[in-house]
Amino acid sequence: MKIDDLLKSPSEWVKADGPNSKIVMSSRVRLARNIRDHPFPGWAKKPERQKLLELIQPVVEALPEMADHFGDSMDNITAIHKQVLVERHLISREHAAKNVGSGVVINGRETISVMVNEEDHLRMQAIKSGLQLKTIFKIIDRVDTELEEHLDFAFSPKLGYLTACPTNVGTGMRGSAMVHLPGMVLSDQINQVVQAVNKLGLAVRGLYGEGTEALGNVFQVSNQTSLGEKEMEVIERLNKVMLQIIEHEENARITLLEKKPKLVYDQIGRAYGILSNAHTISSKEALNLLSLVRMGVDLDIFPATARAMVDEMFILSQPAHVQRAAARKLTAEERDILRAELIRVQLASISKPNLNDRPAVDGGRVEPE
Amino acid sequence: MICDSCKQADATVYLAKIVDGKLLKVNLCEPCAKQKGVEDAAGFAEDLLIGLGAAEEMKVEAPGAQCAVCGFTQADFKKTGRLGCSACWDAFEAGLGSLLKAMHKGDHHVGKVPAKAMHTLALNGKIHELSEQLEKAVREEKYEDAAQIRDEIRELETKLKKAASVARAAE
């Protein structure tokens, strides 16, 4: 598969059809693995990295999960394409900076991606819409089991899977969920939640930047420890915390609508107004306003059919995606103009916010898996 | 304040995180922060944060210690917060123990075991069990039993060695 074929349609996880996808945009689980007694990528010389890439890449590409895949060495991928992969959460920013001696393999649905020679020899991840960490763990666990038949992974009975960084040793696993929390941000509760979650040994970060006021009100929650706990215990703890966060967010929205309905309608109405009339807009402003429209969909202010469009725009309005939509190289100003146009066209397809009748509040939470 | 990464420039990016009630701090200069993707945080910067913070805390018991397989030194670890290869985990075991305890829920792995290692683990477990029986037999002066157990242990150890060399050869 060529990279253009891969990137033609949005990632499957953007479709927002997973459980609890109103609040949990996506879940992801990654495993770190290394080949025994070979220097880790950060310490290996170029020829050593190339040798390992040649060993690992074909094994990954031959996985049944990768029957339909894009795979290449990082030096063959253009800077724009690398950035698009970062924006889709398929590779890390660090990996995008790699060239000769590093590679990537991604399945056609973009649910599984394997980075070769990132910080560890292998970083494999599965990502899906909504809150379904267990399902995702099982997918990536199977990939790992298939790979270990062909690769001699560095493993110690005492310390588990050996990784470049001590933070990953043991299971090599990090589970994370991307959550949309506009209710808690609007009601100033977000800092309390971040602190509470931190105390549980989980990390909360903004989607694009440290600090608590995340762009687009999107946060990532992930486990921090990998030694001394079984994979499923970590996944279950994370899942439990996520369900609590969902509940808090739903309550925050209900309270906001009860106490300050005009504030909520004003924010959503203005967001719609700006997005459907702007002629130049930065990705930061676009994300923050799209977040409010997304909450508007949750609150039945916009039709449910608008959700898929809003979630797609979350990704498509990011710099590399806008750049990719143009046929030529754009300046930052030109990108802002094209972004505004892309969003205006999309918003024209959804009706004006229905703010006259008080919308029914329905969090739409489903039972935990 | 000086950058924790390059140890040269003035730090302008200050990061702090609480993990299990412990405060970890990292101070970076602008170029180092950029290089390590701290400003981006698209989900990958936290490794760095804890990695560097942890390296700070690592005890330098043997500053000259070097990994026999890849040549990585403890000083390299202090600089990068990363190890050189899987064998480094043995080479620097002493210094890493307390660090892992502070960083994680426990000090030994209880999760997934690769099928290949499973065989070795089972053998190790059996040897451990027999060793205890051997001690007991000696204590009770049952020397005939002891001799038999000793032979069993030797046999298992041979198997273990064979399994290890097969794993190497397969590579």
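The values are calculated or read from the model by the stated rules, or taken from the named source; none is laboratory data. Everything numeric here is computed off the predicted structure, so don't read it as measured data. Note that we place each Cβ from the backbone using ideal geometry, even for glycine, and neighbour counts take in every protein chain shown.
Looking only at residues of region A:286-322 that are under 17 Å from the mean Cα position of the chain (by Cα) and β-branched (Val, Ile, Thr), we find that the one that is surrounded by the most Cβ atoms within 10 Å (Cβ to Cβ) is A:310. Pairing residues of region A:1-12 that are over 17 Å from residue A:326 (Cα atoms) with residues that are modelled with pLDDT of 90 or more and among the charged types (D, E, K, R), at Cβ distances under 9 Å and at least 6 apart in sequence or on separate chains, gives A:1/A:68; A:6/A:110; A:11/A:88; A:11/A:109; A:11/A:110; A:12/A:109; A:12/A:110; A:12/A:128. Scanning region A:211-234 for residues that are in contact (Cβ under 8 Å) with a residue 60 or more places away in the chain, buried (at least 22 other Cβ atoms within 10 Å of the Cβ), more than 8 Å from chain B (Cβ to nearest Cβ) and more than 24 Å from residue A:268 (Cβ to Cβ) gives a single hit, A:234. Taking only region A:323-356 into account, find how many residues are modelled with pLDDT of 90 or more, loosely packed, with under 15 Cβ neighbours inside 10 Å and assigned to a loop (DSSP other than H, G, I, E, B). The total comes to 3. Assessment of region A:7-17 against the conditions (within 14 Å of chain B (Cβ to nearest Cβ) and surrounded by 17 or more Cβ atoms within 10 Å (Cβ to Cβ)) yields at least one matching residue.
How many of the residues making up region A:258-285 are touching a Phe, Trp or Tyr at 6+ places or on another chain (Cβ under 9 Å) and of a type outside the set (Val, Ile, Thr)? Let's see the steps before the verdict.
Of the residues in region A:258-285, the ones touching a Phe, Trp or Tyr at 6+ places or on another chain (Cβ under 9 Å) are A:268, A:272, A:283-284.
Among the residues that remain, those that are also of a type outside the set (Val, Ile, Thr) are: A:272, A:283-284.
Result for region A:258-285: 3.
So if I check each of A:93, A:109, A:88, which one is over 27 Å from residue B:73 (Cβ atoms), without any contact (Cβ under 8 Å) to a residue 12 or more places away in the chain and touching a helix residue (DSSP H, G or I) at 6+ places or on another chain (Cβ under 9 Å)?
Details: A:109 fails: without any contact (Cβ under 8 Å) to a residue 12 or more places away in the chain; A:88 fails: without any contact (Cβ under 8 Å) to a residue 12 or more places away in the chain.
A:93 is the lone residue from the list that is over 27 Å from residue B:73 (Cβ atoms), without any contact (Cβ under 8 Å) to a residue 12 or more places away in the chain and touching a helix residue (DSSP H, G or I) at 6+ places or on another chain (Cβ under 9 Å).
Please indicate, with yes or no, whether at least one residue in region A:75-87 is of a type in the set (Gly, Ala, Ser) and in contact with a strand residue (DSSP E or B) (Cβ under 8 Å, 6 or more places away or on another chain). No, region A:75-87 contains no residue that is of a type in the set (Gly, Ala, Ser) and in contact with a strand residue (DSSP E or B) (Cβ under 8 Å, 6 or more places away or on another chain).
Within region A:161-196, take every residue that is modelled with pLDDT of 90 or more and β-branched (Val, Ile, Thr) and give me the one that is surrounded by the most Cβ atoms within 10 Å (Cβ to Cβ). Checking each candidate, the answer is A:163.
Among the helices (runs of 4 or more DSSP H) contained in region B:60-143, which hold 1 or more residues that are in contact with a His (Cβ under 8 Å, 6 or more places away or on another chain), among the aliphatic types (A, V, I, L, M) and touching a residue at least 24 places away in the same chain (Cβ under 8 Å)?
Numbers: elements: B:74-80, B:88-91, B:93-103, B:115-139.
In region B:60-143, there are no helices (runs of 4 or more DSSP H) which contain 1 or more residues that are in contact with a His (Cβ under 8 Å, 6 or more places away or on another chain), among the aliphatic types (A, V, I, L, M) and touching a residue at least 24 places away in the same chain (Cβ under 8 Å).
Contact map, region A:26-44: first residue facing chain B (nearest Cβ under 7 Å), second residue in a strand (DSSP E or B) and surrounded by fewer than 24 Cβ atoms within 10 Å (Cβ to Cβ), Cβ cut-off under 7 Å, separation 6 or more or different chains; pairs are A:34/A:153; A:36/A:153. Restricting attention to region A:256-281, and to residues there that are in contact with a helix residue (DSSP H, G or I) (Cβ under 6 Å, 6 or more places away or on another chain) and polar (S, T, N, Q), which single residue is modelled with the highest pLDDT? Here the answer is A:280.
Checking the conditions here, which among A:156, A:187, A:226 is over 24 Å from residue B:116 (Cβ atoms) and hydroxyl-bearing (Ser, Thr, Tyr)? So that I can check it myself, show each step before the final result.
Values: A:156 fails: over 24 Å from residue B:116 (Cβ atoms); A:226 fails: over 24 Å from residue B:116 (Cβ atoms).
Going through A:156, A:187, A:226 in turn, just one is over 24 Å from residue B:116 (Cβ atoms) and hydroxyl-bearing (Ser, Thr, Tyr): A:187.
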